[in-house]
Each structure stands twice: as C-alpha cells, then as structure tokens.
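Chemist: Mind having a look at this structure? Questions to follow.
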Amino acid sequence: KMKTEKINFENSKGQKLVGILHLPEEKTDKIIILAHGFTSNKNRERYILIGDSLIKEKYAFLRFDFGGSGESYETEITIKNQIDDLESAISFMKEKGYNKIGLLGESLGGLISIMNYNEKIEAMVLLAPVTKSKDKLKEVLEQGKFREKELKEKGYITKLKDNKEFKIPIEYFNERIEIKPQEILSKIPYPVLIIHGDEDDCVPLDDSDRKSTRLNS
C-alpha cells in the first residue's frame, strides 16, 4: 500500500527541517528529492501529484520545506541557507539507505539543485530553473519585481505569500549577482533534464535555452 510519512531532520546548524516522504509499496533505494521554488513550500498540489506518480514507478519522493518556508525553521531567505538545507536532506536520505538519489528543482530550487551537485546525485530534473547570472542589483530586482527603495533603506524586503511573510535580505540579491551557475552546469557529469514552458512570465524560456547549449557543449 502506498503511503506518506512526515519526517523531521536537521541541517548542518542543527535547525529543524520538515518534510513529507512518499513511499512506494515495495522497499526501494531510489529517491527523488524536491527543491521547491522561491517563497514556496512542500505542499503545492503539483508536488503532491508528482510524489504520487513517482511512487507508482517505485521511487520514493521527499518534499520538504526550506528554512523560512512552511513548517521548517524560521530564517531569512538566502541561497547559502538553502544550499545547506538541501545538502542536509541529501545526506539524511543517504543515511536512510537511499543510494540512488535524483533532484527535482523548481525555479530558485533549480539553482539550489545545481549548486548542490556532488557524487551522491545520479540525475537532475529542473523545472523553469533560475540560472541566469545578474550583473547588477537592478537586474535582480526587475526580474522579481522587488522594491529597490525599501531594500536600500532597510537592508531587506518582506514578501507576503500564502498568508506567510517572507524576509529577503540584501544578501540574497548579492548572491544572485555573484553566482555563475552556467560554469557549474558545464561540469555536471550526470544527466540533467530541463523543462520550461514558452509562456513563463517569471523565468524567461531563453534562460533555459542557453543552459541547454551549455550542458551539451
């Protein structure tokens, strides 16, 4: 019988992360770990449907909340924190006996997945991933429709979504400028599938077109 199980684990700093593990009828050592999008959470309907589909194919599926989202520990949203959270989820599942691990990263979670490439991962699927480098703070703010004046005055901005207030510090925007994901993509030794719709009004399809070329070169 297919089932789900709520699990708690910790990141490298001992902070609580909360996830839902989808388990197939037969025991398996194969698992897909979800890295959700910016200011999202593990309980999106599409994530639940993906999990239910994967267990029919005899894969386990972990969807968890990054810090600052859902039920996990409270914190500002930064790329550094999310990289650590995902690495902790990978290590936790490895310790549980899952030896064949794949990542499913959506939007910002796609970038976090790319930044977490290591020998523990066998494959990766990216859904409309955030992969374009930014040269200036203004470019990051324009894509996300953020408030430049508030950010410069306070050092952070807040975003209300799904009745939750997210705090996004200047550090996050500086990280977006400094990270060069295309350099990392060219070095990933395992299969990467990028899925991106041509009507996406948040992350331009052209970003993924360029990354596909980078992966195949």
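Chemist: If you go through the range 5-57, how many residues are modelled with pLDDT of 95 or more, among the β-branched types (Val, Ile, Thr), in contact with a helix residue (DSSP H, G or I) (Cβ under 9 Å, 6 or more places away or on another chain) and under 27 Å from Asn163 (Cβ atoms)?
Modeler: 3
Chemist: How many residues does the range 87-121 contain that are under 30 Å from Thr158 (Cβ atoms) and either open to solvent by 20 Å² or more (accessible area, probe 1.4 Å) or basic (Lys, Arg) (or both)?
Modeler: Residues meeting the conditions: 4.
Chemist: Follow-up question, since we're still on this one. Within the bounds of the range 121-129, is there any residue that is touching a Ser or Thr at 6+ places or on another chain (Cβ under 6 Å) and assigned to a loop (DSSP other than H, G, I, E, B)?
Modeler: Yes - at least one qualifying residue is present in the range 121-129.
Chemist: Go through the range 100-149 residue by residue and tally those that are modelled with pLDDT of 95 or more and farther than 20 Å from Leu185 by Cα.
Modeler: So the count comes out to 1.
Chemist: Only residues that are under 21 Å from Asp162 (Cα atoms) and free of Cβ contacts under 8 Å to residues at least 12 places away in the same chain: list them for the range 58-105, please.
Modeler: Glu74
Chemist: Looking only at helices (runs of 4 or more DSSP H) that fall completely inside the range 150-217, which ones have 2 or more residues that are closer than 22 Å to Ile101 by Cα and at pLDDT 60 or above? Don't jump to the end; show me each part of the working.
Modeler: Working: elements: 170-178, 181-185, 205-216.
Output list reads 181-185.
Chemist: Right, something else. If you scan the range 147-186, which residues turn out to be touching a residue at least 40 places away in the same chain (Cβ under 8 Å) and out of contact with any strand residue (DSSP E or B) (no Cβ under 9 Å at 6 or more places or on another chain)? Spell out the reasoning first.
Modeler: Step one: of the range 147-186, the residues touching a residue at least 40 places away in the same chain (Cβ under 8 Å) are 156, 159, 161-162, 164, 166-169, 171-172, 175-177, 179-182, 184-185.
Answer for the range 147-186, where residues must be touching a residue at least 40 places away in the same chain (Cβ under 8 Å) and out of contact with any strand residue (DSSP E or B) (no Cβ under 9 Å at 6 or more places or on another chain): Lys161, Asp162, Lys164, Glu175, Arg176, Ile177, Ile179, Lys180, Pro181, Gln182, Ile184.
The values are calculated or read from the model by the stated rules, or taken from the named source; none is laboratory data. As the structure is a computational prediction, the values presented were derived from the model and not from experiment. Counting neighbours? That spans all protein chains shown, and the Cβs are built from the backbone with ideal geometry, glycine included. For the accessible areas, the whole protein counts, side chains as well, though only heavy atoms, and no ligand, DNA or RNA atoms are used. Shrake-Rupley method; radii C 1.70, N 1.55, O 1.52, S 1.80 Å.
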